[in-house]
Amino acid sequence: MPSAALLEAPEVVSVSKLEARIDFLISEFISSMPKSASLSAKQRRGILSRYTAVLEGNFIYWMTGALLACRSEETREIILHNLHEEVRDAHPDMLRRFALAAKAVPSEADASAVYANLSAVRAFIGRMSPVRIVLMMGYFEKLIQQWMPYLAELADLQGSQEREYTDVHGVCDVEHSQELFRALGAEIALAPDAVDAGVFEGVELLNKLNYNVIRGVA
Ligand SMILES: [Fe+2]
């Protein structure tokens with residue numbers, strides 16, 4: 001009798017292998033974060049500000065890049081649903097309120113600290129590689145649901161009670177990441193050769209940017 005793995009379509013096997021690597025990178029990132037209580041107020045503000053500098057103006061743009069690059073109708077629908085929520089509920093404004101309440105609105109120095117790595121992610125998006133972009137967005141959605149409690153903790157230590165952004169993204173991104181990994185399967189089914197040595201290009205660039213948000217230096 002054939003094993004369960006042999007009964008799976010090749011794209012399903014690929015997605016589960018890619019997702020396992022993503023899970024490893026996420027747990028490595030989450031466990032690398034400094035304990036919030038060990039940080040000074042300035043360091044806590046820096047993390048919140050750099051996070052805001054990266055996400056406020058870029059998340060919808062990255063997701064739009066995924067929409068323009070994708071080939072399958074299934075992916076298109078999944079991404080449109082995601083973008084619809086982002087715009088309808090004004091997620092960038094939710095993040096701005098989170099930063100304002102924690103007195104962590106990005107300064108020129110905060111934007112400069114992440115500029116080089118953010119530019120590298122933007123250039124990657126411009127290369128419009130469907131499998132790589134959808135994988136990067138799946139990685140990000142899965143990561144932020146686990147990152148939210150930490151950001152909420154930092155905001156709390158900064159004296160803020162504003163939680164809408166962290167509450168919404170801790171919950172809705174569970175579904176979003178599952179949907180994006182389903183989209184990834186649809187994209188791989190149309191281009192199996194795209195699962196090559198460089199498939200993690202976007203994930204690695206964004207991972208580097210996320211460490212930059214935490215550590216402050218590029
Ligand atoms: Fe969002």
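Nothing in this text is a laboratory measurement; each read-out follows from the coordinates by a stated rule. All values reported here derive from a predicted model rather than from experimental measurement. Neighbour counts run over all protein chains shown; Cβ positions are idealised from the backbone, glycine included.
Data overview
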quantity: Acute angle (nearest 10 degrees) that the helix 201-215 long axis makes with the longest principal axis of the chain, alpha-carbon atoms; calculated: 20 degrees
quantity: Within the range 23-102: Cβ-based charge dipole about Cα centre, in debye rounded to nearest 20 (Lys, Arg +1; Asp, Glu -1); calculated: 640 debye
quantity: Selection from LEU67, ALA218, ALA90 lying farthest towards where the dipole of the chain points positive, charges on Cβ; calculated: ALA218
quantity: Dipole magnitude (debye, nearest 20) for the range 90-218, charges at Cβ of Lys, Arg, Asp, Glu; calculated: 280 debye
quantity: Per-residue Cβ neighbour rank within 10 angstrom, fewest leading, LEU206, LEU68; calculated: LEU68, LEU206
quantity: Ordering of 102-111, 184-193 by packing [mean C-beta count within 10 Å, highest first]; calculated: 184-193, 102-111
quantity: Charge dipole of the range 76-181 about the Cα centre (unit charges at C-beta), most positive-ward option of ALA116, LEU100, LEU151; calculated: ALA116
quantity: Ranking of MET137, MET128 by count of other Cβ atoms within 10 Å, fewest first; calculated: MET128, MET137
quantity: Positive minus negative residues near THR75 (Lys, Arg vs Asp, Glu; Cβ under 15 Å); calculated: -3
quantity: Within the range 80-122: backbone nitrogen closer than 20 Å to the GLU164 label point (7 Å, Cα to C-beta); calculated: 82-106
quantity: Environment charge of ILE214, counting only residues whose C-beta is closer than 15 Å and scoring Lys/Arg +1, Asp/Glu -1; calculated: +4
quantity: Helix axis angle, 73-88 relative to the chain longest principal axis, alpha carbon, degrees; calculated: 20 degrees
quantity: Positive-end residue of LEU209, GLY198, ALA186, charge dipole of the range 148-218 with Cβ unit charges; calculated: LEU209
quantity: Highest-fluctuation residue, ALA66, ALA123, ALA183 considered, GNM on the chain with Cα pairs under 10 Å; calculated: ALA123
quantity: Angle in degrees between helix 10-32 and the longest Cα principal axis of the chain, rounded to the nearest 10; calculated: 20 degrees
quantity: Exposure proxy ranking, count of Cβ atoms within 10 Å, fewest first, for VAL87, VAL174, VAL217, VAL54; calculated: VAL217, VAL87, VAL174, VAL54
quantity: Cα gyration tensor, the range 101-204 - rounded (a/c under 1.5), prolate or oblate; calculated: oblate
quantity: Cα centre as origin, Lys/Arg/Asp/Glu Cβ charges: the chain dipole, Debye; calculated: 900 debye
